[in-house]
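The values are calculated or read from the model by the stated rules, or taken from the named source; none is laboratory data. It should be emphasised that the depicted structure is a prediction, and the values quoted were computed from it without experimental measurement. Counting neighbours? That spans all protein chains shown, and the Cβs are built from the backbone with ideal geometry, glycine included.
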Amino acid sequence: MNKENKYLFFSDLDDTLLTSEKTISEATYKALTAFVEHGNRFVIATGRSLFSAFVVQKKLKLKFPGSYIVSFNGCQIYDCEAEKTLFKASLPLLVVRDIFDIAKRHGVFAQTYHDENIIAPRECEELKRYRLVAGMSFVLNEDPVSVLPEPPCKMLCIEFNDHEKQEGFRAEIMAKYKDVIETFYSTPYYLEIVPKGCHKGMAVRKLAEILGVPIECTIAAGDEENDITMIEAAGVGIAMINGNEKVKKVADIITEKDNDHDGLAEYFYRYGT
């Protein structure tokens, strides 16, 4: 990478930039601040909803000049300074309704989103635990699609106890809608369901193109399966040492330290100062 260029750094939040306590350490924050003060740009790239990303951004003071958010695993790209969406993709409502029905038949929990709300068919342990992390309110309805004013960006299937059951659900929806949806895990328990062709790697390429940044001047860091495409797409792909082995296999760099010990800090300095 040419040190004369300015860089676009895409970072996952959970278990990458953030510690296990869902905060950012003083050392990592100092390194990130130095990165943007040298004219580089920082992008939150998360599977979370845009609203949940806003909550983290505000709480941890992660809004810098030239900040962007990639939310819903690439389905929405948001310009934080201009306060506008640059790109958005969504799932067809008829498909969403059918996936909810298939989830019910398989006995797994599925949810979707609108603005600050999680939209779900019922309250359960999966929803309670998810809300603790996401910091979102929720709307319950046996027919979740009936309360959606517009097609959602993504759905999420959560299953803490029976991965085989979750994989059975995944196999059925992929067999039926393989030309419409993508599925991948953001944690071992969270199965993401997004529009076909939408993922973090697509968002890396799209935002770089919008901003006129050469792809070789992009950096992406993550830890889970949903980060693989952006790590592959970026000029430099960084896998957290605490990350999934599949992620490490495609990365250019594996951090020497984990997310609880400032694993990303040295790379903010290396490429930004």
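A quick yes/no check of all residues on (1) over 15 Å from the mean Cα position of the chain (by Cα); (2) surrounded by fewer than 20 Cβ atoms within 10 Å (Cβ to Cβ); (3) under 14 Å from residue 15 (Cα atoms); (4) of a type in the set (Asp, Glu):
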{"position": "195", "(1), (2), (3), (4)": "no, no, no, no"}
{"position": "199", "(1), (2), (3), (4)": "no, no, no, no"}
{"position": "210", "(1), (2), (3), (4)": "yes, yes, no, no"}
{"position": "215", "(1), (2), (3), (4)": "yes, yes, no, no"}
{"position": "221", "(1), (2), (3), (4)": "no, no, yes, no"}
{"position": "235", "(1), (2), (3), (4)": "yes, no, no, no"}
{"position": "238", "(1), (2), (3), (4)": "yes, no, yes, no"}
{"position": "258", "(1), (2), (3), (4)": "yes, yes, yes, yes"}
{"position": "263", "(1), (2), (3), (4)": "yes, no, yes, no"}
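Counting the residues of the stretch 19-47 that are closer than 26 Å to residue 191 by Cα and surrounded by fewer than 21 Cβ atoms within 10 Å (Cβ to Cβ) gives 5. Within the stretch 63-80, is even one residue of a type in the set (A, V, I, L, M), under 16 Å from the mean Cα position of the chain (by Cα) and surrounded by fewer than 21 Cβ atoms within 10 Å (Cβ to Cβ)? Looking through the stretch 63-80, none of the residues is of a type in the set (A, V, I, L, M), under 16 Å from the mean Cα position of the chain (by Cα) and surrounded by fewer than 21 Cβ atoms within 10 Å (Cβ to Cβ).
Here are some residues: 23, 46. Which one is at pLDDT 95 or above, touching a helix residue (DSSP H, G or I) at 6+ places or on another chain (Cβ under 6 Å) and among the hydroxyl-bearing types (Ser, Thr, Tyr)?
46
Is there a residue in the stretch 159-178 that is crowded, with 17+ Cβ neighbours inside 10 Å and under 15 Å from the mean Cα position of the chain (by Cα)? Scanning the stretch 159-178 turns up no residue that is crowded, with 17+ Cβ neighbours inside 10 Å and under 15 Å from the mean Cα position of the chain (by Cα).
Select from the stretch 194-204 the residues that are assigned to a helix (DSSP H, G or I), over 24 Å from residue 262 (Cβ atoms) and of a type outside the set (A, V, I, L, M, F, W, C) and list them in ascending order.
Step one: filter the stretch 194-204 for residues assigned to a helix (DSSP H, G or I), giving 200-204.
Filter once more, so that each one left must be over 24 Å from residue 262 (Cβ atoms): 201-203.
201 - this is the single residue of the stretch 194-204 that is assigned to a helix (DSSP H, G or I), over 24 Å from residue 262 (Cβ atoms) and of a type outside the set (A, V, I, L, M, F, W, C).
From the list 177, 113, the one residue that fits, being out of contact with any strand residue (DSSP E or B) (no Cβ under 6 Å at 6 or more places or on another chain), touching a residue at least 40 places away in the same chain (Cβ under 8 Å), farther than 29 Å from residue 18 by Cα and not assigned by TED's automatic domain parsing to the domain that holds residue 54, is 177. Tell me, please, whether a residue that is under 30 Å from residue 29 (Cα atoms) and outside the structural domain of residue 37 (by TED's automatic domain parsing) can be found in the stretch 57-73. No: the stretch 57-73 contains no residue that is under 30 Å from residue 29 (Cα atoms) and outside the structural domain of residue 37 (by TED's automatic domain parsing). Checking each residue in the stretch 136-193 for being within 18 Å of residue 104 (Cα to Cα), basic (Lys, Arg) and in a loop (DSSP other than H, G, I, E, B) picks out only 154. Taking (1) within 29 Å of residue 27 (Cα to Cα); (2) under 20 Å from the mean Cα position of the chain (by Cα); (3) at pLDDT 95 or above; (4) not β-branched (Val, Ile, Thr) in turn, residue 186 satisfies each apart from (3). Counting only residues that are in a helix (DSSP H, G or I), touching a Leu at 6+ places or on another chain (Cβ under 9 Å) and among the β-branched types (Val, Ile, Thr), the stretch 205-227 holds 1 of them.
Scanning the stretch 228-245 for residues that are in contact (Cβ under 8 Å) with a residue 40 or more places away in the chain and not in a helix (DSSP H, G or I) gives 234, 235, 236, 240, 242, 243.
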